[in-house]
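Everything below concerns the one structure shown next.
The values are calculated or read from the model by the stated rules, or taken from the named source; none is laboratory data. Keep in mind the model is a prediction, meaning the values are calculated, not measured. For neighbour counting, all protein chains shown are included, and Cβ atoms are generated from backbone atoms with ideal geometry for every residue, glycine included. Protein only, heavy atoms only, side chains kept; ligands, DNA and RNA dropped before computing areas. Shrake-Rupley method; radii C 1.70, N 1.55, O 1.52, S 1.80 Å.
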Amino acid sequence: MGRHMTAISLSHVDIAYDGQRVVHDVSFEVAAGESFALVGESGSGKSTVLKAIAGLAPEWTGQIEVLGQPGSHRPDRTLARHCQMVFQDPYGSLHPRKTVDAVLSEPLTIHRIGGQDARVEQALADVGLDRRFRFRYPHQLSGGQRQRVAIARALMLEPQVMLLDEPTSALDVSVQAEILNLLKRLRRERGLTYLMVTHNLPVVSFLCERMAVMNKGRIVEIAPATALHDGAFRDPYTQKLYAASGGD
Amino acid sequence: MTLLSVENLVVSFPTSRGRVNVVDGLSFELGRERLGIVGESGSGKSMTGRAILRLIRPPGRVEGRLSFEGQDLTSLGERDMRALRGARISMIMQDPRYSLNPVMTVGTQIEEALRVHERLPRRDMRARVRDMLEAVRIDDPDRVARLYPHEVSGGMGQRVMIAMMLIPRPSLLIADEPTSALDVSVQGDVLRLIDDLVRDHGMGLILISHDLPLVARYCDRILVMNAGRMVETCDAGDLHAASHPYTKGLLAAVPRMHETRDELPVMDRSAWAGT
Ligand SMILES: Nc1ncnc2c1ncn2[C@@H]1O[C@H](COP(=O)(O)OP(=O)(O)OP(=O)(O)O)[C@@H](O)[C@H]1O
Ligand SMILES: Nc1ncnc2c1ncn2[C@@H]1O[C@H](COP(=O)(O)OP(=O)(O)OP(=O)(O)O)[C@@H](O)[C@H]1O
Ligand SMILES: [Mg+2]
Ligand SMILES: [Mg+2]
């Protein structure tokens, strides 16, 4: 896959679980190298949109493209090479009987990538975990340490696109700052594209150019992140969210 | 009046470098008030909560004195402890969807939590569960009650856990990052609900959170932890004027709504090592 101007594109996407539709008619595009935020009410379908893009929510209709390739209805190895997801709760996504080392080496083995030892060390250092943690199991880590392992795992394959579901909501502010700085640096150095779910508007202000706001399964507004400076939103739900977040 | 007193609490685990104290001589007292615990990832916040409920499993080890409503928790048998958990002391776990029983609907799980507290006819039970789900701002409580944990969203999972822990009306609630997946508006409602119990029923609250503005706004008192120890404690309203460099470091790392910094300040961990 070469370089594309548009990294992610969704057009009239509906998504259902067991026939019950939870996401309605979602359309947006994320340019290559852009950071795009998805914010909105709890239960409005943000994680579901990310899962559909990653091929993990099979019941979708409409059009999804990632780096010019049509979206998939099942997990797809070629897609995984270029597009990685960090899940909302790292507990469920880390295998309880695999050490941190095994979790981080596995994607390299699957995709036959060498230099594993050095890459694992680097990835741990990138997310601020020292060597002590390399051979621990998930239950021997704190919540924030687990989340950092999940982020490190997603970075192992050096993807071009990252789908980040509340990547820093389990992290204290100091580690959050390190991870946000890291994401920003990686984007500058490698031109990564981020689609990030968060309920933290200041995080959007720091990292993203644009944001889509979801409410009850629909996108109600797409706005530039600079709207967070002055509250220039037109949708009533967004205005409420902004005011409740301490914006004025 | 003192509800909980923690004296010289030590939680340790064996590691390749010998036994390490992840909570290292922590002491504090809690009345019928709201105490916020903040601190970096790995500083021992969750382990402190788990130790109070005696949920640290071997090879982990707990030392020190814990007393709750005048009762010595360390000497209680496992059976008495089980009766206490969920009835008089509840803990909202940091990982809600993972802490819930995966093969039971969330409605049934909340019913079970209520049953510990009181016996009610089935219909009334259902109604109470429904009211509780509505109180945590779940709009369609009947649908959600029938879902399994993997079928609810992250924020719904947190609210189910909160509903489950509040329904028996505990005297002490330990809430570990209870609202980290909630948007601010739902968060406000959930915190008000917890507040009602503090005010009207004299519940004590330990709120573990990395959201410093939230803790400053919501709690009465704040305890700042680093590497298993307390570095500072202050009235919540005075957090912005905290004196310890570690606390100041935390405050500076908070992103702002009108963010203009290209890089957020990170903490220089060597600065207070050994303090
Ligand atoms: N596996 C599933 N089976 C059935 N329904 C599901 C499943 N996963 C999610 N849902 C439902 O889909 C809706 C959207 O959930 P989703 O997880 O996408 O919300 P969200 O916007 O990410 O919320 P949050 O901010 O709380 O994480 C919810 O009503 C949820 O109950
Ligand atoms: N079984 C274990 N063996 C060794 N160390 C452990 C074990 N369980 C936890 N730890 C360590 O104990 C320390 C304290 O963990 P705790 O979960 O209390 O952190 P926390 O302050 O809640 O952090 P977070 O904000 O990331 O949730 C962490 O450094 C963690 O790695
Ligand atoms: Mg979600
Ligand atoms: Mg914790």
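For A:ALA57, the residues whose amide H sits under 5 Å from its own are A:ALA52, ignoring neighbours fewer than 5 places away on the same chain, with H placed 1.01 Å from N.
Give me the compactness ratio for chain A, meaning the Cα radius of gyration over 2.2 N^0.38 Å.
Against the compact-globule rule of thumb, the ratio is 0.99.
For the listed residue pairs A:LYS46/A:LYS184; A:LYS46/B:LYS248; A:LYS98/B:LYS45; A:LYS46/B:LYS45, the alpha carbons are over 31 angstrom apart in A:LYS46/B:LYS248.
In Å² (nearest 100), what accessible area is buried between B and A, both sides summed, heavy protein atoms only, 1.4 Å probe?
Approximately 3500 Å² gets buried when B meets A.
With the convex hull drawn around the C-alpha atoms of chain B, the volume per residue stands at 156 Å³.
For segment A:45-154, applying the loop criterion from DSSP together with a ceiling of 12 other beta carbons within 10 Å to the trypsin sites (Lys or Arg not before Pro) yields A:ARG97, A:ARG112.
For peptide B:176-187, the mean count of partner chain Cβ atoms within 10 Å of a residue's Cβ comes to 6.
Here the label points at A:ILE110 and B:ASN8, each 7 Å from Cα along the C-beta direction, are separated by 5.1 nm in the simple model. Taking the 1.4 Å solvent-accessible surface of segment A:181-227 as the whole, the part contributed by carbon and sulfur is 50%. For segment B:188-220, heavy-atom accessible area (probe 1.4 Å) falls by no less than 40 Å² from the chain alone to the full protein assembly at B:HIS210.
For segment A:89-125, a reduction of at least 20 Å² in accessible area between the chain on its own and the assembled protein chains (probe 1.4 Å) is found at A:ASP89, A:TYR91. Within the accessible surface of segment B:168-224, defined with a 1.4 Å probe on protein heavy atoms only, the carbon and sulfur portion equals 44 percent. For the protein assembly as shown, the solvent-accessible area with a 1.4 angstrom probe is 43 square angstrom per residue.
Under the rule a/c < 1.5 gives rounded, and otherwise a/b versus b/c splits prolate from oblate, where does segment B:105-169 land using the Cα gyration tensor? It comes out prolate by the Cα gyration axes. Near A:VAL22, the amide H atoms lying under 5 Å from its own belong to A:ILE15, A:ALA16, A:TYR17; only residues 5 or more places off or on other chains count, and H is placed 1.01 Å from N.
The 1.4 Å probe gives accessible areas that order B:TYR98, A:TYR137, largest first, as B:TYR98, A:TYR137. Net charge dipole, segment A:1-129: roughly 360 debye, given to the nearest 20, about the Cα centre with Cβ charges of +1 for Lys and Arg and -1 for Asp and Glu.
Burial here means at least 40 square angstrom less accessible surface with every protein chain in place than with the chain by itself, probed at 1.4 Å; in segment A:178-210 the buried residues are A:GLU178, A:ASN181, A:HIS199, A:PRO202, A:PHE206. If you take all other residues with their beta carbon under 11 Å from the beta carbon of B:VAL152, and give Lys and Arg +1 and Asp and Glu -1, the sum is +3. Across the alpha-carbon atoms of segment B:61-180, the computed radius of gyration and Dmax are 15.1, 45 angstrom. If you take the Cα centroid of segment B:171-240 and the Cα centroid of segment A:82-159, the two points sit 31 Å apart. Among the helices of chain A, those built from whole DSSP H runs whose Cα atoms reach 20 Å or more along their own axis and whose mean Kyte-Doolittle hydropathy is at least -0.5 are A:173-190.
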